[in-house]
Amino acid sequence: MFERISGSLLDPDALYAKNIGLFHNPELRGLNLVMGFTGFADAGHVVRQITGELLDTLDSERVAVFDADQLMDYRSRRPHVTFVEDHLQDYQPPTLALYRLVDGLGKPFLFLAGFEPDLQWERFARAVVQIVEALDVNLVTWIHSIPMPVPHTRPVGVTVHGNRPELIEGISSWKPTVEVPAAVGHVLELRLTDAGRNVAGYVIHVPHYLAEAEYPTAAVAGLEYLGAATSLMLPTDRLRESGREVGRQIAEQIEASEEVQQVVARLEARYDEKAEGTVRRSLLANENDELPDGDALGAAVEAYLARENPAP
């Protein structure tokens with residue numbers, strides 16, 4: 001038992017500003033909430049692409065805005081500003097906000113998106129749980145992406161976690177037991193679970209040699225998983241078209257290098273072996289069930305594609 005000498009934990013209410021009229025609208029109660037945070041665990045820029053697609057193509061209103069000055073370390077992630085000859089313009093302040101969106105069939109849902117907080121994770125988590133409970137959110141889903149030694153020529157894989165078995169069983173293509181650096185989404189998932197709220201997280205697997213470029217195909221997969229979990233029709237047409245163009249560029253780069261072709265072929269063989277139900281624990285394991293050096297596995301591909309820059 002700990003005794004607090006004086007004061008109290010910082011009030012999560014003071015971390016965000018509400019759109020009062022909208023926040024208290026009964027129509028916001030019982031909706032599904034989708035979350036995505038940029039800045040970490042965003043291989044292939046999946047979260048950034050999904051955020052842009054949803055906010056650019058769907059009708060939206062801001063329900064609440066978080067105070068960036070309390071959550072962000074500006075010196076580690078400096079915002080951009082444009083210098084034009086003799087003056088400054090187009091300052092891009094960091095934004096983290098809760099939106100009300102409407103999907104392709106006119107169904108409303110909530111979307112919490114923006115930068116991943118650098119500071120005050122527990123206070124931020126309390127604020128999000130507070131919002132989820134105030135709006136009686138039905139299901140919280142969140143998404144991020146990681147680099148994996150998988151080929152781009154196979155379906156995009158996903159690992160699902162959370163407290164909704166019907167959304168997890170039979171979907172995850174990689175189910176390891178491994179210690180990983182935490183993202184704020186992980187903390188939110190834990191706190192939401194503690195609060196008895198429904199939550200599921202989706203980790204999209206991005207070919208590690210494409211992790212630094214925009215990979216629209218992975219963003220499409222992420223939207224499809226989120227849409228299936230929340231029964232929403234989410235927009236993917238523009239990302240699909242971009243994915244086809246990026247796919248053509250990748251194919252051209254690989255066709256030009258026999259070394260790259262060999263590495264991709266090895267990744268394909270490993271993927272197919274796992275898909276056929278062999279005894280290996282994961283796509284990361286080699287013949288001795290040891291974790292290989294990911295850099296060594298894809299160094300040739302990564303270096304080659306980095307030089308050619310396949311991103312659109």
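The values are calculated or read from the model by the stated rules, or taken from the named source; none is laboratory data. If you're wondering where the values come from, they're calculated on a predicted model, not measured in any experiment. Methodologically, a virtual Cβ is constructed for each residue, glycine included, from the backbone with ideal geometry; neighbour enumeration extends over all protein chains shown.
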For this session: Quick one: which residue in GLU189, GLU179 is part of a helix (DSSP H, G or I), without any contact (Cβ under 8 Å) to a residue 60 or more places away in the chain and of a type in the set (Asp, Glu)?
Result: GLU189
For this session: Please tell me if ARG126 is over 17 Å from ALA41 (Cα atoms), in the same structural domain as GLY114 (by TED's automatic domain parsing) and assigned to a loop (DSSP other than H, G, I, E, B).
Result: no
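Residue-wise test of (1) at pLDDT below 90; (2) outside the structural domain of VAL178 (by TED's automatic domain parsing); (3) of a type in the set (Gly, Ala, Ser); (4) on the phi < 0 side of the Ramachandran plot.
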{"position": "GLN249", "(1), (2), (3), (4)": "no, yes, no, yes"}
{"position": "GLU252", "(1), (2), (3), (4)": "no, yes, no, yes"}
{"position": "VAL260", "(1), (2), (3), (4)": "yes, yes, no, yes"}
{"position": "ALA269", "(1), (2), (3), (4)": "no, yes, yes, yes"}
{"position": "GLU273", "(1), (2), (3), (4)": "yes, yes, no, yes"}
{"position": "ARG280", "(1), (2), (3), (4)": "yes, yes, no, yes"}
{"position": "GLU287", "(1), (2), (3), (4)": "yes, yes, no, yes"}
{"position": "LEU291", "(1), (2), (3), (4)": "yes, yes, no, yes"}
{"position": "VAL301", "(1), (2), (3), (4)": "yes, yes, no, yes"}
For this session: Test ASP59 against the criterion of being loosely packed, with under 14 Cβ neighbours inside 10 Å and touching a residue at least 24 places away in the same chain (Cβ under 8 Å), and give yes or no.
Result: yes
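Return yes when ILE168 is assigned by TED's automatic domain parsing to the domain that holds PHE66 and closer than 30 Å to ASP69 by Cβ and no when it is not.
Criteria not met by ILE168.
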Exercise. If you take the residues of segment 75-91 that are assigned to a loop (DSSP other than H, G, I, E, B) and free of Cβ contacts under 8 Å to residues at least 12 places away in the same chain, which of them is nearest to PHE115 (Cα to Cα)?
Worked result: ARG78
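Can you name the residue in segment 92-123 that is assigned to a helix (DSSP H, G or I) and more than 28 Å from ASN25 (Cβ to Cβ) and, of all such residues, is nearest to the chain's Cα centre (by Cα)?
Among residues in segment 92-123 that are assigned to a helix (DSSP H, G or I) and more than 28 Å from ASN25 (Cβ to Cβ), the one nearest to the chain's Cα centre (by Cα) is TRP121.
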Seminar exercise, completed: Taking segment 30-51 and keeping only residues that are among the aliphatic types (A, V, I, L, M), within 19 Å of ARG62 (Cα to Cα) and not in a helix (DSSP H, G or I), one is left with LEU31, LEU33, VAL34, MET35
